[in-house]
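Below you'll find the structure, written out as structure tokens, and then a few comments.
The values are calculated or read from the model by the stated rules, or taken from the named source; none is laboratory data. Everything numeric in this text was worked out from a predicted model, so none of it was measured. Using ideal geometry, Cβ is built from the backbone for each residue, glycine included, and neighbour counts are taken over all protein chains shown. The area values use the complete protein model at the heavy-atom level, side chains included, leaving out ligands, DNA and RNA. Shrake-Rupley method; radii C 1.70, N 1.55, O 1.52, S 1.80 Å.
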Amino acid sequence: MVTIQRATGLPAKDANMVSSDPYVKLQVLPEKKHRVKTRVVRKTLNPSFDEIFTFYGINQEQIHGISLHFVLLSFDRFSRDDIIGEVVYSLAKTDVHERELMVCQEIAPRHQKFLNQGRGELLISLCYQPVASRLTVVVLKARNLPRMDITGLSDPYVKIYLLYDGQRIAKKKTHVKKRTLNPIFNESFVFDLPFNEGLPNISLEFLMLDWDRVMKNDIVGRVEVGSTTTGLELHHWNEVLNCPRKQIAQWHKLQD
């Protein structure tokens, strides 16, 4: 059983920056299978929750390998809820015979220790079929992704957008690869291009995301490949354009 009692001295997150509407989401790591949340406490920087949560299916042998991941948020009726911060409490040294343990932890900004990491790289293969007016995209793999999870790993997947004159007109996505910083996808997608347009006004946007059961999925990095890009991205695009019906693969660095 876990009792979430209260928080104190929270930052203001509402539109006037004078208060917050805080609540807590809790999940059990590393499996992320158990997740709960408190009610929202309105207009306060010192919320009292006093809510008890019971997690079933966890035996004594598993306790020392478990961490409790608390994420504190401020509810927003009109947009995405603001993340105030998080706490991770390991049960590695917990005495399973102790009836009750009181814990008070400082709330830390989310992912603070991951901010200085590189974004990693993505290997993609492209093939232009001018007669069929199609573009085949193969998301092969990624490497050296940042550690987005508290567990020290990530649950990455890729979203691919087809852009026409800078506007997203189609999208695809890969499956999620659990608990890895070097995922292998090997997934192929076919985009039908606008009639008689060819590739001059077309580009592809790749978003690498970290899947999260509790929070909104985090964007790890992005890369765009097309005629308006530069460097390796433009070189890759020109190769694809000059070698129709041939798969051309290239590593790309993910950017902010």
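Asn46 - would you say it is within 18 Å of Asn16 (Cα to Cα) and open to solvent by 50 Å² or more (accessible area, probe 1.4 Å)? Criteria met by Asn46. Contact map, the stretch 152-178: residues that are in contact (Cβ under 8 Å) with a residue 40 or more places away in the chain and closer than 17 Å to His252 by Cβ paired with residues that are open to solvent by less than 50 Å² (accessible area, probe 1.4 Å) and among the hydroxyl-bearing types (Ser, Thr, Tyr), Cβ distance under 6 Å, separation 6+ or inter-chain. Pairs shown: Tyr157/Thr174; Val158/Thr174; Leu163/Ser203. Note on the stretch 89-104: among residues that are within 30 Å of the chain's Cα centre (by Cα) and under 17 Å from Asn59 (Cβ atoms), the one that is least open to solvent (accessible area, probe 1.4 Å) is Leu91. Any residue at all in the stretch 183-201 that is within 27 Å of Gly118 (Cβ to Cβ), in contact with a strand residue (DSSP E or B) (Cβ under 9 Å, 6 or more places away or on another chain), at pLDDT 95 or above and not in a strand (DSSP E or B)? Among the residues of the stretch 183-201, at least one is within 27 Å of Gly118 (Cβ to Cβ), in contact with a strand residue (DSSP E or B) (Cβ under 9 Å, 6 or more places away or on another chain), at pLDDT 95 or above and not in a strand (DSSP E or B), which makes the answer yes. Among the residues of this structure, Gln117 does not count as one that is closer than 23 Å to His252 by Cα, out of contact with any strand residue (DSSP E or B) (no Cβ under 9 Å at 6 or more places or on another chain) and modelled with pLDDT of 90 or more. Restricting the first member to the stretch 1-19 and to residues that are farther than 25 Å from Ile58 by Cβ, and the second to residues that are surrounded by 11 or more Cβ atoms within 10 Å (Cβ to Cβ) and modelled with pLDDT under 85, the beta-carbon pairs closer than 7 Å and six or more apart or on different chains are Lys13/Asp82.
Here's the yes/no breakdown for (1) part of a strand (DSSP E or B); (2) of a type outside the set (S, T, N, Q):
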{"position": "Asn46", "(1), (2)": "no, no"}
{"position": "Leu72", "(1), (2)": "yes, yes"}
{"position": "Phe78", "(1), (2)": "no, yes"}
{"position": "Glu86", "(1), (2)": "yes, yes"}
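Residue count for the stretch 226-242, restricted to those that are part of a loop (DSSP other than H, G, I, E, B) and touching a residue at least 24 places away in the same chain (Cβ under 8 Å): 3.
Taken as a whole, the condition of being among the charged types (D, E, K, R) and either at positive phi or not in a loop (DSSP other than H, G, I, E, B) (or both) does not apply to Glu98. When Val223, Val158 are screened for being out of contact with any helix residue (DSSP H, G or I) (no Cβ under 8 Å at 6 or more places or on another chain) and either crowded, with 16+ Cβ neighbours inside 10 Å or not in a loop (DSSP other than H, G, I, E, B) (or both), only Val158 passes.
Of the set (1) over 15 Å from Arg168 (Cα atoms); (2) acidic (Asp, Glu); (3) at pLDDT 90 or above; (4) out of contact with any Gly (no Cβ under 8 Å at 6 or more places or on another chain), all apply to Glu233 but (4).
Across the stretch 1-20, the qualifying residues are those that are in a loop (DSSP other than H, G, I, E, B) and among the hydrophobic types (A, V, I, L, M, F, W, C), and the one among them that is modelled with the lowest pLDDT is Ala15. Determine whether Lys141 is at pLDDT 85 or above, touching a Pro at 6+ places or on another chain (Cβ under 7 Å), open to solvent by less than 90 Å² (accessible area, probe 1.4 Å) and not in a strand (DSSP E or B). No: the conditions fail for Lys141.
Would you call Asn217 surrounded by fewer than 18 Cβ atoms within 10 Å (Cβ to Cβ) and in contact with an Asp or Glu (Cβ under 8 Å, 6 or more places away or on another chain)? Here the answer is yes, as Asn217 does meet what is asked.
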